[in-house]
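Q: Dropping a structure here in structure tokens format, bear with me for questions.
FYI, it's all coordinate maths here, none of it is from the lab. The model shown is predicted, which means the values in this text are computed figures rather than measured ones. Virtual Cβ from ideal backbone geometry, glycine too; neighbours counted across all protein chains shown.
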Amino acid sequence: MPYFVYKIFETPIRRLEKLEQHEAFREASNRAKQLRGELASDAACVIKVIFAETELHAEDLLNQVRAAAPNPQDD
């Protein structure tokens, strides 16, 4: 399965922009780090790498709302 590199914009609406696709995690990760370095610190987007079967599956995973991890200090 491929690794997809996406640019994600949160405002004014959530928008996903596929940038690249790589077969190896190392390539995708290095490219994402390079792209993050090129972004201005005030950029209104984030760069993410996602492992998925297809582009549609990747976008579905990126759009899922994930629950926050439990905080052990709250117990």
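Q: Could you list which residues have their amide H under 5 Å from that of Ala52, counting only those 5 or more apart in sequence or on another chain, with H placed in the peptide plane?
A: Amide H neighbours of Ala52: Phe4.
Q: Let me ask another. Give me P(r) over the chain, computed from all C-alpha to C-alpha distances, binned every 10 Å, as integer percentages.
A: Result returned by the calculation: 18, 43, 28, 10, 0.
Q: Count the net charge of all other residues whose Cβ sits under 12 Å from the Cβ of Met1, scoring Lys and Arg as +1 and Asp and Glu as -1. Spell out each step's value before the answer.
A: Numbers: positive: none; negative: Glu23, Glu53, Glu55.
Net charge around Met1: -3.
Q: Just to confirm my numbers, what's the Cα centroid distance between segment 1-40 and segment 52-75 in Å?
A: The distance from the Cα centre of segment 1-40 to that of segment 52-75 comes to 16 Å.
Q: Right, here's the next one. Once the Cα atoms of helix 25-38 and of the chain are each reduced to a long axis, what angle between those two axes, in degrees from 0 to 90 to the nearest 10, is obtained?
A: Approximately 80 degrees, to the nearest ten.
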